[in-house]
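Structure first, then comments.
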Amino acid sequence: MQTTTDVRGNEASLLSILKTLLFFTIMMITLPIGLYFATKAYVFQGSLGYSSNDSFFYAAIVAVVAVHVILALFVYVAWNEGSQQTRVGKQD
């Protein structure tokens, strides 16, 4: 039988997980796209003087690297949240 404290703890845990998921979803959408256009226009074409075709290629590489970094960070945060919840659950 669950007590009111258990239900509130589960709701807080669920809310924390949803906030983490929402944060990383927003980062996954905005950061690679923003980095793609910013590096294409300002770094590769603007500063380095690459041609349009070359800047497309290198900006895409930057965006793909950003996606991989975000995914790695998400896995790290999710793993740590899961291990924290396991430790809290084992204390009772």
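Each residue in the stretch 1-37 was checked for being modelled with pLDDT under 85, within 25 Å of Trp79 (Cβ to Cβ) and either of a type outside the set (S, T, N, Q) or over 23 Å from the mean Cα position of the chain (by Cα) (or both), and 6 of them qualify.
For the stretch 38-71, residues that are open to solvent by less than 70 Å² (accessible area, probe 1.4 Å), within 28 Å of the chain's Cα centre (by Cα) and among the hydroxyl-bearing types (Ser, Thr, Tyr) total 2.
The values are calculated or read from the model by the stated rules, or taken from the named source; none is laboratory data. What you are looking at is a predicted structure, and each value in this text was computed from that prediction instead of being measured. Counting neighbours? That spans all protein chains shown, and the Cβs are built from the backbone with ideal geometry, glycine included. Remember, those area values only see protein heavy atoms, side chains included, never the ligands or the DNA or RNA. Shrake-Rupley method; radii C 1.70, N 1.55, O 1.52, S 1.80 Å.
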